[in-house]
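The values are calculated or read from the model by the stated rules, or taken from the named source; none is laboratory data. Worth saying up front: this structure is predicted, and the values here are computed from it rather than measured. Glycine gets a Cβ as well: all are built from the backbone with ideal geometry, and neighbour counts include every protein chain shown. The protein model used for the area step is the full one, side chains on, heavy atoms only, and it has no ligands, DNA or RNA in it. Shrake-Rupley method; radii C 1.70, N 1.55, O 1.52, S 1.80 Å.
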Amino acid sequence: MYSPYAQDGFRARFDWGPAGAEAVGLGSSMVAVVDVLWFTTALTVAVDQGIEVFPHRWRDRTALAHAQRHDAVLAVGRSRATLPGQVSLSPATIRRSHGIERLVLPSPNGSAISLDLAAAGSRVIGVSLRNAEAAADWTTSRLREAPGTAIAVIAAGERWTDGTLRPAVEDLWGAGAFLAGLADRGIAPLSPEAEAAAAVYRQAAQRLPELLSVCAGGRELAGYGFPQDVAIAGEINSSRSVPVLDGDSFSAAA
């Protein structure tokens, strides 16, 4: 059934949150999920260290059993990581960790969206400001190998206290960085929505990561006592890892 929201006819598409993922992602063979503060930043930090990452839904009571089933460490809530060596969704705790091979990373936004898309048959990659260029390189090569393939980019966003979507500008920048990279590599056409995201990134590019530290999400994390995580999220294109969700887990693409 035709939907004007699917952005059909465009090689690269863009939308927000779970509803946007359903609208444009389910019709796309490949989907990039962007959740800069924190899921996809934490994901790239983990994959950089060779850690296999199992996404899981936030506050799901099966998370511990899921970790035990996969012989994995379960990341705790960020405020609960008080013991030395304890890992949470905070990228800084992952970077400080040692000896972890598999990690269950619960998240209410990026992780949940990734799982929904994978269950629908999409090939899911994780994109942040840390790996946007690497992800654009990798994706471009795959799209050139399959001329009829489309890529959807989903900015996860955050949630207001009433549960409604709060578009998060850091996710718009991350999605825009990736989309701008695709456009620069000749991937076309971009949907108007994707073009808009790329344009927002290009306008802000010279001021990142400064803007990241003063946007609402950055201020929120700093206020919670996690300014180091904002700094890690702002390590623009420092990572060459492209996390690909294969089965239950993300690992680095070849």
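Assorted remarks:
- Look at (1) small (Gly, Ala, Ser); (2) surrounded by 15 or more Cβ atoms within 10 Å (Cβ to Cβ); (3) at pLDDT below 95 and you find that Ser213 fails only one, number (3).
- Hey, Gly225 at pLDDT below 95 and either open to solvent by less than 50 Å² (accessible area, probe 1.4 Å) or part of a helix (DSSP H, G or I) (or both) or not: yes
- Screening the candidates Ala183, Ala199 for the property of being in contact with a Gly (Cβ under 8 Å, 6 or more places away or on another chain) and either assigned to a helix (DSSP H, G or I) or open to solvent by less than 10 Å² (accessible area, probe 1.4 Å) (or both) yields one hit, Ala199.
- Only a single criterion out of (1) touching a residue at least 24 places away in the same chain (Cβ under 8 Å); (2) closer than 30 Å to Arg61 by Cβ is not satisfied by Ala132, namely (2).
- Any pair with Cβ under 8 angstrom, 6 or more apart, that starts in the range 1-13 at a residue that is closer than 14 Å to Val153 by Cβ and ends at one that is among the aromatic types (Phe, Trp, Tyr): Gln7/Phe14
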